[in-house]
Amino acid sequence: MSGADEPFVFDPETLAASGALPTVTALAGERGVRVHDPIEGGTAVFTAPVTLDPATLDEAAQSAQFTFPVTTGARVTTPSLTVPRRVNVRVRDADATLVAESSNQEGASVPAGRWNLELDVTGLKLYLAVDGAVTVTPRTHETVIEFGEDGGSDAEGTPVEVAIGVRSHHSRPAGIVTVPQSPMGVMRGLSTFGSALKTRSPERSFPTLRGHPPLLDFGDTYDAPAALEPVSDGPTLTCPPAYEYVYPLASLASYLGATVEPGEPALHADGRRYPLHVLDESPRVTAHRPESVPTGSVARYETAVRDVFRHLFVLDTVVRTVGYYDVPLSERERIEAHLPLSLRAAYDAPLAERTAAYLAVPLPVTAPAWPRWRLTATAPAVPETARFLPFLAADLALVRTSAAASVTTEPGTTLAPVGPGETGDAGESGVTATGGGTRAGVDDWGDGEVVAVPPAPESLSQAWLGEGIPRGASKATLRSYARHLRRATRAGQEGDGRISMAVVCNDEAMREELAVGDIYGVRDVVTFDIEQYELTDRETLASVFESDLDFVHYIGHVEERGLQCADGFLAADDLGSVGVEAFFLNACRSYRPGQTLVEKGALAGVVTLADVVSRSATVVGRTLARILNAGYPLQLAVDVLGEDLFSASNYVVLGDGNAELVTAASGTPVLLEVEDAPGDAFDATVSGYPTHRNGMGSFYVPYVGSNQRAYLNAGELDTFRVTRTELDELLTLEDVPVRVPGRAGLAWSDELTADDLSAMLEENDE
């Protein structure tokens, strides 16, 4: 662990502080309401044909109105509400039974009755409660929900009372568990992680129902609040009492609500024992396992743990479709015909019995439905890693220690590679080291400081918890993870939902990148307050980093003396407490000052490991701004960027890679890849990227043509054969990155038509 993490102590007062609640407020200057989660940043807007004056509902009224729990409720009177984008709407009766659903282009209507409507909106669990008839009409860029007997024909109909309920995706640890600093102590700590589960039913596969495990700290003896003690009737995981065997079980133990005990590697449930030291190497499993079959006993054990986790998780997501969420799920369609169990019986079974039934299903049955995982954490098998485990388990991260033992070190590099199309000028194929100049640099890394973290193909993103400067992974710290918990206090103080940021350019030759200020501000519903600075002095730049901004994008030079200013250099060490949430230092070798910014208070930041050519850095800066503006978290943004721009391989995330500037308009960030298809058609491949807010297990329905099929939101979802008209509509629904095979860099949906893509693909064939 880095020296900066060793003295870190979790703050019990932070855990005890009450979090800021979501709000429902009238739209300023418009007819409608705005729903906002001040902690996680999720926002939804309803417009209406009449002026709305939301009245707060107390807890008793909330319980009476809503089938599912909400944390904030308000009442409005209106004949209709309109969401300014297409969203799925599920209609439930008083028993929470699904009676109708509006999905993609298909609307829904129900007669007079008492209904709860569940809306799939950005970063929130949002509900409407109404007593009367309901008609839902999806349109290209909006969803209209009309109430009353005259609904469906006239949005200016008779106003009715409608309750709006919202539940935040945010969760915080229920407490701190103290354990002895030993493998056995950590095993006992992991046994309390299941206390965070909000349900033991298959719906625990939804991220909002898993909660955040208690924090772990070291002490002489075991100590845990009574409410966090493990349940006695859950599954049991056994493994040798050694860190390299204990750590990979963290997320699985949390998800299962399992106790962890010493023994041979195995999962025990309802009398069934499933070995975890034997790897399934059948062709059907290896064909769908993203990672190759490893050598070494620990690596094979880690892979076996990942396999059984993926197996159990997929089965939960399939089984839950016979419960409250009876949706056409792609993963269910892929495997149901081969399942030797009753989905209804599994849904109704107690946890241990259901787990045993799952273990009786051969892995080759579920392997075709395994999703790409969101995060793999590579960590050394040392005691301090244990303190990261609650945060990793909250994200269902896959933890491996064997790869940490095989990392390789690199000598210091002097220039980031530049690929075709990265100069910023159309038609150029590349740039030399002298073309456009560089953005200076702090110093050369010493041999052994930069570590090449082995790839983790099973996941979309990777975090590094060890010593050194990682390439190919974010550099996680305990401070940055814990800082995310403290956002509740800050959010409660601010709470207006506006995104505040600064774009700073301290070199006249780099003014072209100032255009990122216009890129960041282009989002419906979200309000940005963007300040632009040029050639700042040290005092001004210091005030920018010390202020409570959400994001700072710095463009300029970095030298050993610090960040370049008009009157010299600002050393990050000279700053007081850093108040900025996140940052991007687009300058050569900006790792050192970025590391200091994180140590002094920032949640996360993007920095460089090498000298960067100014013109290619401008391309990276503009592209990263667009990706962040599309709702990608920092680490996923850098990962996607690195797949398309060679020079992006020298950009790395420090701190909590989950940090987001905004939430994706559809909740899950997506990427399109478009290829030619026979006739006048295209193949559009949709890939999803789970986030901290919309994590593993979330549904995603691609609005492609008339599709109503749902998918788990991780990795490549499906390829759709579309017409020109369908592709044009898809491109207008949301501003997302588009990858065109054979072309360097990303294109963007709001700048493309089907004709444009056809021309690009024809050029590639020439």
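For the reader, a short list of remarks on this structure follows.
- Net lengthening on full extension, Leu339/Ala112 (0.36 nm per residue, minus Cα-Cα): 77.7 nm
- The convex hull drawn around the Cα atoms of segment 147-268, when projected onto a plane and averaged over every direction, covers 11.0 nm².
- Whole-angstrom gap from segment 244-265 to segment 536-557, using each part's C-alpha centre: 44
- Antiparallel beta bridges, as assigned by DSSP with both residues in the chain, represent about 70 percent of the total such bridges.
- Cβ charges +1 (Lys, Arg) and -1 (Asp, Glu), total dipole of the chain, debye: 2300
- By the rule of a C-alpha distance below 29 Å, with chain neighbours fewer than 8 residues away ignored, the lysines paired with Lys600 are Lys475.
- Cα pair distances exceeding 19 angstrom across segment 611-725, given as percent: 53
- Nearest-20 debye value, segment 649-766 charge dipole, Cβ charges on Lys, Arg, Asp, Glu: 700
- Whichever lysines have a C-alpha closer than 28 Å to that of Lys125, once near sequence neighbours (fewer than 8 apart) are set aside: Lys198
- Here each label is just a point 7 Å from Cα along the line to Cβ, and for Thr685 and Arg273 those points are 4.4 nm apart.
- Take every Cα pair under 8 Å whose residues are at least 6 apart in sequence, average their separation, divide by the length of segment 20-163, and the relative contact order is 22 percent.
- Each label was represented as a point 7 Å from its Cα along the Cα-to-Cβ direction; for Ala405 and Thr51 these points are 7.1 nm apart.
- Using only alpha-carbon positions in the chain, the gyration tensor eigenvalues give semi-axes of 37, 34, 27 Å once each is multiplied by 5 and square-rooted (largest first).
- Over the residues of the chain, the helix contribution to mean residue ellipticity at 222 nm works out to -6500 deg cm²/dmol, using -39500 (n - 2.57) for each DSSP H run of at least 4.
- At most 12 other Cβ within 10 Å, DSSP loop - GluC sites (Glu not before Pro), segment 260-366: Glu281
- Treating r as the C-beta distance of Gln105 and Lys198 and R0 as 41 Å, the FRET efficiency rounds to 0.75.
- Between Leu216 and Val177, the built amide H atoms are under 5 Å apart, and every one of these is 5 or more places off in sequence or on another chain.
- Farthest toward the positive end of the dipole of segment 580-700, out of Val606, Val580, Pro690, is the Cα of Val580, where the dipole comes from beta carbon charges about the Cα centre.
- Only Lys, Arg (+1) and Asp, Glu (-1) charged, at Cβ; segment 644-698 dipole about Cα centre in debye: 400
- Gap separating the Cα centres of segment 671-714 and segment 307-342, nearest whole Å: 19
- Shape parameters for segment 570-616, alpha-carbon atoms, Rg then Dmax in Å: 10.9, 33
- In order along segment 295-312, phi translates into HN-Hα couplings of 10, x, 5, 5, 5, 5, 4, 4, 5, 4, 5, 4, 4, 5, 5, 4, 4, 5 Hz, rounded to whole numbers, per the Karplus curve 6.51 cos²θ - 1.76 cosθ + 1.60 with θ = phi - 60° and x for Gly and Pro.
- Computed on the chain, with alpha-carbon pairs under 8 angstrom and 6+ residues apart, the relative contact order is 11 percent.
- Spin-label model distance (nm) - Arg724 vs Asn764, 7 Å beyond Cα toward Cβ: 1.9
A short reminder: the numbers here are calculations on the coordinates, not readings from a lab. Note that the structure is predicted; figures quoted are calculated from it, not measured. Cβ atoms come from the backbone with ideal geometry, glycine included; neighbour counts cover every protein chain shown.
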